[in-house]
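Data first, discussion second: the structure below is written as structure tokens.
Taken together, the values in this text are just the output of simple stated rules run on the coordinates, not laboratory data. The structure displayed is predicted, hence computed values, not measured ones. Methodologically, a virtual Cβ is constructed for each residue, glycine included, from the backbone with ideal geometry; neighbour enumeration extends over all protein chains shown.
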Amino acid sequence: MAATDLERFSNAEPEPRSLSLGGHVGFDSLPDQLVSKSVTQGFSFNILCVGETGIGKSTLMNTLFNTTFETEEASHHEECVRLRPQTYDLQESNVQLKLTIVDAVGFGDQINKDESYRPIVDYIDAQFENYLQEELKIRRSLFDYHDTRIHVCLYFITPTGHSLKSLDLVTMKKLDSKVNIIPIIAKADTVSKSELHKFKIKIMGELVSNGVQIYQFPTDDEAVAEINAVMNAHLPFAVVGSTEEVKVGNKLVRARQYPWGVVQVENENHCDFVKLREMLIRVNMEDLREQTHSRHYELYRRCKLEEMGFQDSDGDSQPFSLQETYEAKRKEFLSELQRKEEEMRQMFVNKVKETELELKEKERELHEKFEHLKRVHQEEKRKVEEKRRELEEETNAFNRRKAAVEALQSQALHATSQQPLRKDKDKKN
Amino acid sequence: MSTGLRYKSKLATPEDKQDIDKQYVGFATLPNQVHRKSVKKGFDFTLMVAGESGLGKSTLVHSLFLTDLYKERKLLSAEERISQTVEILKHTVDIEEKGVKLKLTIVDTPGFGDAVNNSECWKPITDYVDQQFEQYFRDESGLNRKNIQDNRVHCCLYFISPFGHGLRPVDVGFMKALHEKVNIVPLIAKADCLVPGEIRKLKERIREEIDRFGIHVYQFPECDSDEDEDFKQQDRELKESAPFAVIGSNTVVEAKGQRVRGRLYPWGIVEVENQAHCDFVKLRNMLIRTHMHDLKDVTCDVHYENYRAHCIQQMTSKLTQDSRMESPIPILPLPTPDAETEKLIRMKDEELRRMQEMLQKMKQQMQDQ
């Protein structure tokens, strides 16, 4: 970033002349001042460990930093990948280090691993977002800010001896543009030397052919260029971790004791642990931080701001003002909001009208029905009345006839009781 | 360590003949006769190996049977494996030792657990096992039973990764899908990455998880109480060291002046056949020298019978449902109706039933009106 600014200036103005000094001025102590400032400030370093459960991530961290970070063993039956950051304060000589170790718990355990990479990517983006927010604040205190951006991702490869797993490839492709990836072969004491050589070549071949960009140790600084170049050829490092100490010869060393031999962690013949420690901590830690800030963070920032609609000044020579663009954006946004509100209100009003109409319709229908029913009811009532009247008449008629018949009967009886003989006579006749 | 051969064919000697005349009936020679006949007939054994790629399955098979089954094997790269499906590959070899012939079939399952999404990746394997059972079922029920080929899987070696803390969800899923169909023998693969203390812990973990998830792995049969102490001791050790932690090797190295199968590391040499280094010898003895026939028996008597009973039950329940045939005795699976025609028949029955219901409804409606 500093380089490009300088170019711009030098295009605009004549080149500065280089002069020689007549005596010792003393600004060669500038780096020392910088160093003492940063030492008093303290450093922060964030490591992300990605690998299958049980592959040895915590043990390796303990071995690297020669201490015991208290972590509980993860189970294999987690529902999904989650990230567990833990921060520790370490001190060596007079240098303070705020170390954050982020563990991807549950990685590689699920049966369906399609979405395994997502929580990791989201976490990294969230840290970038936090930093971006801090940068964009009006009152900001960047020197005091606890930088949680991930500086390096140690990707633990299972030592199958054949090649990368499909999950490894997919995940590394998603992560290579967001974080510095250093792939390492875990539990390397299960791979013999010849197999290891073939395995490393296969892995690097697969990474290259799939376009995965892993972190290359920088070779532009002469002081460390040589050693870095050598180490680059040894990637991925095959490591073994151990916190137990075994007596070898007359020394106690960190090692793993097998029935057939002792694997010493710090023996270069046995594994690449020493190389990893050199590269990661002793030589390139600062470079990792710088790369994270200047490459990965800047990429994130650019994408994010472009999303928000900002653009760099390409054609115009007018320096673009964040403020103005921001204001314009804000106005746009507010007017959008208002428009949306209006729309919604309209919709609401329309809906209310519609419902009113519907209700009225329904009311009318109900009325009609009611009328109809009433009429029907009246009809029925009338009919029933008529029928009742008929019935009454009939019963009356019947009663009259009954009375008449009874009267006749009683007369007849009376008559017959006075002339019973006549009847017999009639009969005889 | 005594190996399996206890009975050797022998002819009766003159002294025996005298005994024979006295009170000796002679059926004590039956085991010898069995031995002779079986040697003549030859044996067959089908072994399935399953587990993720890179756990040393082919190397172990090579070490067990000392033959190279996988001459040209194509290993896929990581990119190709992202959405790989599981295949079933069979390799058959005829091997002979001291006149005893063995037809060995190894069923390999490349691609298991390799894809990014492994849901139901054990389905092709269960289908294969069921297919073999079905084939045997048909053969057994057929008319000509002279040359039945027994392709049923007798044993499945399941490789558990030593890099974790125990069983993974895909391990549990696989074992639960297959434990009622095949004898599962779980193994801890690549055990040369674990120190003895870690091996103990891992075995305990795995045993505990197998119990917890209710997985039925192959149980070694109890030995008779009249066996000698040595044998009983061996049997006990065998049971206590399950699941076996194995290491395989294709190469022979020099160790202490001897040529042994092993792996050469800068810090030492792992000997495959050294009991202190791994349980390979125990596995080999169990699988080949002592329990091979028991594995076959359990497959025939337990797993196959379960399958057969299940199959027949399904058939009878289908028939009684359709009430086409009343049969008190479960069936001679006669020309077992094809799945196709059965489906058609069922569909037609359904249609008929529906039409009847509709007719009834219409009748009722008419009545109401």
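Per the Debye calculation on chain A with a single equal scatterer at every Cα and no solvent contribution, log₁₀ I(q)/I(0) for q = 0.11, 0.13 Å⁻¹ amounts to -1.03, -1.28. Taking B:Lys361 as the anchor, which aspartates and glutamates have their alpha carbon closer than 13 Å to its alpha carbon, excluding any fewer than eight residues away along the same chain? The reachable aspartates and glutamates, counting only those whose Cα sits under 13 Å from B:Lys361, number zero. Rounded to whole numbers, the Karplus 3J(HN,Hα) couplings from phi for the stretch A:133-138 are 4, 4, 5, 8, 5, 6 Hz, using 6.51 cos²θ - 1.76 cosθ + 1.60 with θ = phi - 60°, and x at Gly and Pro. In terms of distances greater than 27 angstrom between alpha carbons, the cross-link table entries A:Lys247/A:Lys275; B:Lys123/B:Lys296; A:Lys198/A:Lys247; A:Lys200/A:Lys304 yield A:Lys198/A:Lys247; A:Lys200/A:Lys304. Extent of the stretch A:57-143 along its three principal axes (Cα atoms, max minus min coordinate, largest first): 46, 36, 15 Å.
Of the peptides B:115-126, A:354-365, A:223-234, the ranking by mean beta-carbon count within 10 Å, highest at the top, reads B:115-126, A:223-234, A:354-365. Using only Cα coordinates, the Kirkwood hydrodynamic radius of the stretch A:328-407 works out to 19.2 Å.
Couplings for the stretch A:101-114, taken from phi via the Karplus curve 6.51 cos²θ - 1.76 cosθ + 1.60 with θ = phi - 60°, read 10, 10, 9, 8, 7, x, 5, x, 8, 5, 6, 9, 9, 4 Hz in order; Gly and Pro are left as x. Based on the reciprocal of the average 1/r between different C-alpha atoms, the Kirkwood radius for the stretch B:151-282 equals 16.3 Å.
Stokes-Einstein diffusion of the protein assembly as shown at 4 °C, 1.567 mPa s viscosity, Kirkwood radius from Cα pairs, rounded to a whole number: 36 µm²/s. Pairwise Cα distances in the stretch B:192-244 exceed 15 Å in 58 percent of cases.
Please state, rounded to one decimal and in Å, the Kirkwood hydrodynamic radius that chain B gives when every pair of distinct Cα atoms enters the mean of 1/r.
So the Kirkwood estimate lands at 24.6 Å.
Averaging the sequence gap over all C-alpha pairs within less than 8 Å and six or more residues apart, then dividing by the number of residues, gives chain B a relative contact order of 14 percent.
Using Cα positions and a limit of under 26 Å, work out the lysines in reach of B:Lys363, with same-chain residues fewer than 8 apart set aside. In chain and number order, the partners are B:Lys348. Extension gain for the segment A:Val35 to A:Asn250, taken as residue separation times 0.36 nm less the Cα-Cα distance, is 73.4 nm to one decimal. Per-residue mean of foreign Cβ neighbours for A:380-392 is 0 (Cβ atoms of other chains, 10 Å radius). Per-residue shielding of A:182-191, expressed as the average number of other chain Cβ atoms within 10 Å of the residue Cβ, stands at 3. Mean partner shielding of peptide A:48-60, defined as the number of other chain Cβ atoms within 10 Å of each residue Cβ, is 2. Each residue of the stretch A:335-349 was assigned a 3J(HN,Hα) from its phi angle through the Karplus expression (A = 6.51, B = -1.76, C = 1.60, θ = phi - 60°), giving 5, 4, 4, 4, 4, 4, 4, 4, 3, 5, 4, 3, 4, 4, 4 Hz with x at Gly and Pro. Using C-alpha pairs under 8 Å with a sequence gap of at least 6, the mean separation divided by the residue count of the stretch B:143-285 gives a relative contact order of 21 percent. Ranked by the mean number of other Cβ atoms within 10 Å of their residues, highest first, the peptides A:68-78, A:235-245 come out as A:235-245, A:68-78.
Here the stretch A:182-262 is described by how far its Cα atoms reach on the three principal axes: 43, 31, 20 Å, from widest to narrowest. Restricting attention to the stretch B:188-272, lysine pairs at least eight places apart or on different chains and with alpha-carbon atoms under 27 angstrom apart total 8. Given a 10 angstrom Cα cut-off, can you work out which residue in B:Leu47, B:Leu344, B:Leu55 is the most mobile in a GNM of chain B? Maximum fluctuation in the GNM of chain B, among the listed residues, is at B:Leu344. The value of relative contact order for chain A, using C-alpha pairs under 8 Å at least six residues apart, is 11 percent. Listed by chain and number, the lysines whose alpha-carbon sits under 26 Å from that of A:Lys360, ignoring those within fewer than 8 places in the same chain, are A:Lys351, A:Lys369, A:Lys374.
For the protein assembly as shown, what does the helix formula give at 222 nm: sum of -39500 (n - 2.57) over DSSP H segments with n ≥ 4, over the residue count, nearest 500 deg cm²/dmol? Don't skip to the end; give the middle numbers.
Values: 23 runs with 368 residues, N = 798.
That calculation yields -15500 deg cm²/dmol at 222 nm.
Quickly rank B:162-170, A:46-54 as a protection proxy: mean count of other C-beta atoms within 10 Å, highest first. The partial results should precede the final answer.
On the way: B:162-170: 21.3, A:46-54: 23.6.
Result, highest mean first: A:46-54, B:162-170.
Taking the square roots of 5 times each eigenvalue of the Cα gyration tensor of the stretch B:53-187, largest first, gives ellipsoid semi-axes of 28, 20, 15 Å. Distance from the Cα centroid of the stretch B:155-179 to that of the stretch A:237-279 is 31 Å (rounded to whole angstrom). Considering only A:Pro218, A:Pro119, A:Pro31, the mean-square fluctuation computed in a Gaussian network model of chain A, springs between alpha carbons under 10 angstrom, is largest for A:Pro31. Once you reduce the stretch A:355-399 and the stretch A:17-67 to the center of their Cα atoms, the two points are 99 Å from each other.
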